[in-house]
Amino acid sequence: SKPTNELFEGLRQDALALAEKLVSRQKSAGSKAKANVMAYIQQNFQSPDVYANSIAEIFHMSRSAVYSLVREQTGQSLNEYLEALRVGEALWLLKATEMTVAEIAAACGYNSANTFYKVFKKRFGLSPSAFRG
C-alpha cells in the first residue's frame, strides 16, 4: 500500500543520511588519528623507543597502518622520516651547543654514538665533529 511504501522510503532516506554522517565522522576521526600519530612522532622522535611497534601499540593500530600513514603523510618511510627528524635535531645541536657527539646522539634518539656517527657520515659525507668544525 501507498502509506507503507512512503514509510519505508522515509526510513530508507533516514538510514542513508545516518550512514553518510557516520562515514563523514569516521573520515574526520581518521584524519584526527593521522594528525595525532604524526604529532606524536614529531614530539617524541628523540626517544629510541619510537618505532613502528611502539606507535602501533599506543594508537591501537597495526604496524603496517603506521608505515602506510607515515608514507602517505610524508612521502618517506617511517625510518627515513625518523632519521630526517633526528639528523635535523643533531645538526642544530652540533652548531648551537657544546654537547659531545655522544650526548647529541643520545639526545636525538640514537641507541649508540657509533650508529649516529655512521648515519651522519653516510648522509653528509663528513663526521659530526668535522661538521661542527
Note to self: Tell me yes or no: at least one residue of the stretch 33-49 is modelled with pLDDT of 90 or more, of a type in the set (Gly, Ala, Ser) and in a loop (DSSP other than H, G, I, E, B).
What the structure shows: yes
Note to self: Quick test of your reading of the structure: LEU69 fulfils all but one of (1) closer than 21 Å to CYS108 by Cα; (2) surrounded by 15 or more Cβ atoms within 10 Å (Cβ to Cβ). Name the failing condition by number.
What the structure shows: (1)
Next item on the list: Sort through ILE104, ILE55 and tell me the only one that's under 17 Å from LYS34 (Cβ atoms) and either touching a residue at least 60 places away in the same chain (Cβ under 8 Å) or hydrophobic (A, V, I, L, M, F, W, C) (or both).
Entry: ILE55
Note to self: Of the residues THR115, THR100, only one is β-branched (Val, Ile, Thr), under 30 Å from ARG63 (Cβ atoms) and open to solvent by 40 Å² or more (accessible area, probe 1.4 Å); which?
What the structure shows: THR115
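The values are calculated or read from the model by the stated rules, or taken from the named source; none is laboratory data. Note that the structure is predicted; figures quoted are calculated from it, not measured. Please note: Cβ atoms are built from the backbone with ideal geometry, for glycine as well, and neighbour counts cover all protein chains shown. Areas reflect the complete protein model, heavy atoms only, side chains present, ligands, DNA and RNA absent. Shrake-Rupley method; radii C 1.70, N 1.55, O 1.52, S 1.80 Å.
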